[in-house]
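Undergrad: This is the structure I have questions about; it appears just below.
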Amino acid sequence: MKRSDSYGGLLSGAATLGRRQFLQGVAAVGAVAGTGGLIAGCSSSSSTLGTSTRASIKRGGNLIVGLSGSSGNDTLDPHQGLTFLDSARAQSLYQSLVQLNNQAQNEYVLAEEITPNSSTEFIIRLRPGVTFHSGKALTAQDVIYTFRRIISGKLTGISSLGPMDAAALKALDNRTVQVTFTSPYASFIDHLASYWFYVYIIPDGFNPAAKNAKPDGTGPFVYQSFTPGQRSVFARNPHFWQSGLPYVDTLTVIDFPSNTSLQDALTTGQIHAAGGFDGPELAALGTASGVKALASHTGAITPFTMRVDKPPFNDVRVRQALRLLVDRPQLIDSALDGYGVVANDVFSPYDPDFYTVLHREQDIPHAKSLLKAAGHENLKVTLVTSAAATGMVAMATVLAEQAKAAGVTITLNNVSPSTFFGPSSYLQSPFSQDFYGYATYLAQVAQSMLPTSPFNETHTNDPTLTNFYNQANATIDPAARKQIEHDMQQFDFDQGGYIIPAYIDSLDAYSTKITGYSTSAAGAPLSNLDFEKWSFV
């Protein structure tokens, strides 16, 4: 997700679910499908998504959660979200066919199973007994309509659908969809799961973008009200297909202008949970009365992004030099207060095909040598940063300080999240940052490393990488496919436009008045935004 993807920008924070994640104050207020892999990740085995196993559940109550990082373009359209706040709303109202669970594994949701007939054809079998908030039963036509809307509108989820032949989509019966691709796409399930927050299923004929359109999903909560930049209020879905869920009567999601106001609201009891904190904030919350601070180790990334088509970053030696000047352990300690794991400029650490041999340490002499050879001995660059996800500004500050040892001057341009996500900045700046929740390797490549990617911040357009990606999707043999993905990651490591110094922990905090949340490796905040499982103690 952005911010998801803090959801984005993770995201991301990611969230990048991965995008990822703020504006008046509080007073205004199924089945495991396998991890990673291509055909190997398409198992048709399944187990029903269960309700909580807690001994006694207290039902009822009004749950209030907070996030910051609004893009300034808050939306209820489930196919147009960018931030963790957008994803928090959409995840409550809608559902996907499959998604990453808290263990970063593929889990079937609206799909009962998804089975490949070949690398160019899949069969989706839907769960029975699922209805939309309007009372309409979920059918194959709803999936077909959703896919076609995303493709025809060129919406964010289009990269997850890959080379899908929209015209060839076919309902084999009321619960079965035949999906055909114009070229091999063996990683289809991984794409759907990794970026589920872009492919929520909507009813046939429904237009979420229409004026005064009322959200109509299959999710655990039903729409009541939405004030962009301020708050959203949802009520318990009494006909939710997962028996017994959700536990609370209402859910309110509040946009906060900053983490400081978010922190204050939690410690004063005005909200029950908050996500996307920085290390010092989480440390302070850990000592606050009535609050439990929780850090999740994730595969989320907050990369520094270098446009490979713009000077000076169009010279691979400059990109290599900037990667070599980073002291990664120090950056994690200083910028993230230790809440992260060293990364080596390659994403997707939980993918079974992750290339574990790649390793990079700070090497100032080598960095200086590369810059000299490139004609940039006293390089001066501007880095666009923003408090849009956990640790972004702190990471930028530490990088600028570390760069001085190599004779590089990095001037920070710290802008508001709304400016950061604005059309003149986001995906356009030669040197910037972003954030993503965890995704499997090929799914992340499709999101950000191809000419067709919706979030290609580095403007990568290299035939070598694109050909590798296509080969991997056409390769059924797991060993052969793994080697191709290793070759791709070697390419990233040697020539890519990302500086990825760390896999970022997700830092959340909860009132001791609630329970049911957990850590999440997927990189989304607040227990993967699974509010339906929370209850009051």
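The values are calculated or read from the model by the stated rules, or taken from the named source; none is laboratory data. Computed from a predicted structure; not experimentally measured. All Cβ positions, even for glycine, are placed from backbone atoms using ideal geometry, and neighbour counts span all protein chains on display.
Undergrad: Give the residues of segment 516-528 that are out of contact with any Lys or Arg (no Cβ under 7 Å at 6 or more places or on another chain) and under 23 Å from residue 288 (Cα atoms), sorted by residue number.
TA: 517, 518, 519, 520, 525, 526, 527 - these are the residues of segment 516-528 that are out of contact with any Lys or Arg (no Cβ under 7 Å at 6 or more places or on another chain) and under 23 Å from residue 288 (Cα atoms).
Undergrad: Can you spot a residue in segment 450-457 that is out of contact with any Phe, Trp or Tyr (no Cβ under 6 Å at 6 or more places or on another chain) and assigned to a helix (DSSP H, G or I)?
TA: Within segment 450-457, not a single residue is out of contact with any Phe, Trp or Tyr (no Cβ under 6 Å at 6 or more places or on another chain) and assigned to a helix (DSSP H, G or I).
Undergrad: Scan segment 459-479 and tell me whether some residue there is in a strand (DSSP E or B) and more than 30 Å from residue 245 (Cα to Cα).
TA: The answer is no; no qualifying residue exists.
Undergrad: Next question. Between residues in segment 181-204 that are under 23 Å from residue 81 (Cβ atoms) and residues that are part of a loop (DSSP other than H, G, I, E, B) and acidic (Asp, Glu), which pairs lie under 6 Å by C-beta distance while being six or more apart or on different chains?
TA: Listed pairs, sorted by first residue: 203/216.
Undergrad: Also, I was wondering about something else. Among the residues of segment 449-493, count how many are under 20 Å from residue 425 (Cα atoms) and in contact with a helix residue (DSSP H, G or I) (Cβ under 9 Å, 6 or more places away or on another chain).
TA: The number of residues fulfilling the criteria is 11.
Undergrad: Output the residue which, of all residues in segment 351-377 that are touching a Leu at 6+ places or on another chain (Cβ under 6 Å) and not aliphatic (A, V, I, L, M), is surrounded by the fewest Cβ atoms within 10 Å (Cβ to Cβ).
TA: 377
Undergrad: Tell me, which residue of segment 498-537 that is polar (S, T, N, Q) and outside any loop (DSSP other than H, G, I, E, B) is nearest to the chain's Cα centre (by Cα)?
TA: The extreme case among them is 528.
Undergrad: Out of (1) under 25 Å from the mean Cα position of the chain (by Cα); (2) assigned to a loop (DSSP other than H, G, I, E, B), what's the single condition that is false for residue 263?
TA: (2)
Undergrad: Inspect segment 123-142 for any residue being buried (at least 19 other Cβ atoms within 10 Å of the Cβ), within 30 Å of residue 348 (Cβ to Cβ), touching a Pro at 6+ places or on another chain (Cβ under 9 Å) and modelled with pLDDT of 95 or more and give the result as yes or no.
TA: no
Undergrad: Here's another thing I want to ask about it. If the Cβ limit is 6 Å and pairs must be 6+ apart or interchain, which residue in segment 308-326 that is on the phi < 0 side of the Ramachandran plot pairs with which residue that is hydroxyl-bearing (Ser, Thr, Tyr) and in a loop (DSSP other than H, G, I, E, B)?
TA: Filtered contacts from segment 308-326: 308/458; 308/460.
Undergrad: Looking only at segment 276-294, which residues are closer than 20 Å to residue 435 by Cβ and at pLDDT 95 or above?
TA: 294
Undergrad: Something else: Restricting segment 223-243 to residues that are small (Gly, Ala, Ser) and modelled with pLDDT under 95, which is farthest from residue 514 (Cα to Cα)?
TA: So the residue we want is 229.
Undergrad: Further question: Based on this model, can you work out whether residue 100 counts as at pLDDT below 95, within 25 Å of residue 469 (Cβ to Cβ) and out of contact with any strand residue (DSSP E or B) (no Cβ under 7 Å at 6 or more places or on another chain)?
TA: No.
Undergrad: Confirm whether residue 248 is at pLDDT 95 or above and either within 20 Å of residue 81 (Cα to Cα) or outside any loop (DSSP other than H, G, I, E, B) (or both).
TA: Judged against the criteria, residue 248 is not a match.
Undergrad: Could you run through segment 406-452 and say how many residues are surrounded by fewer than 20 Cβ atoms within 10 Å (Cβ to Cβ) and under 27 Å from residue 482 (Cβ atoms)?
TA: Summing the residues that are surrounded by fewer than 20 Cβ atoms within 10 Å (Cβ to Cβ) and under 27 Å from residue 482 (Cβ atoms) in segment 406-452 gives 3.
Undergrad: A further question follows. Give the number of residues within segment 135-183 that are under 14 Å from residue 120 (Cβ atoms) and touching an Asp or Glu at 6+ places or on another chain (Cβ under 8 Å).
TA: Selection size over segment 135-183: 5.
Undergrad: Related question: Since residue 269 meets every condition but one in (1) on the phi > 0 side of the Ramachandran plot; (2) modelled with pLDDT under 95, which condition does it not meet?
TA: Result: residue 269 fails condition (2) only.
Undergrad: Taking segment 493-513 as the search range and keeping residues that are among the charged types (D, E, K, R) and crowded, with 24+ Cβ neighbours inside 10 Å, which one is farthest from residue 302 (Cα to Cα)?
TA: 508
Undergrad: Something else about it: Among the residues of segment 300-326, write down those that are assigned to a strand (DSSP E or B) and either among the hydrophobic types (A, V, I, L, M, F, W, C) or in the same structural domain as residue 267 (by TED's automatic domain parsing) (or both).
TA: 300, 301, 304, 306
Undergrad: While we're here: Please determine whether any residue of segment 370-377 is small (Gly, Ala, Ser) and farther than 20 Å from residue 493 by Cβ.
TA: Yes - at least one qualifying residue is present in segment 370-377.
Undergrad: Among the residues of segment 398-422, which ones are hydrophobic (A, V, I, L, M, F, W, C), modelled with pLDDT of 95 or more and not in a helix (DSSP H, G or I)?
TA: Scanning segment 398-422 gives 408, 410, 412, 415.
Undergrad: Step by step: first the residues of segment 103-114, then only those that are modelled with pLDDT of 95 or more and not charged (D, E, K, R), then the one that is surrounded by the most Cβ atoms within 10 Å (Cβ to Cβ). Which residue is that?
TA: Here the residue is 108.
Undergrad: Another one. Of the residues in segment 231-270, how many are among the acidic types (Asp, Glu) and under 20 Å from residue 292 (Cα atoms)?
TA: 1
Undergrad: Somewhere in segment 423-441, is a residue in a helix (DSSP H, G or I) and either touching a Ser or Thr at 6+ places or on another chain (Cβ under 9 Å) or under 26 Å from residue 189 (Cβ atoms) (or both)?
TA: yes
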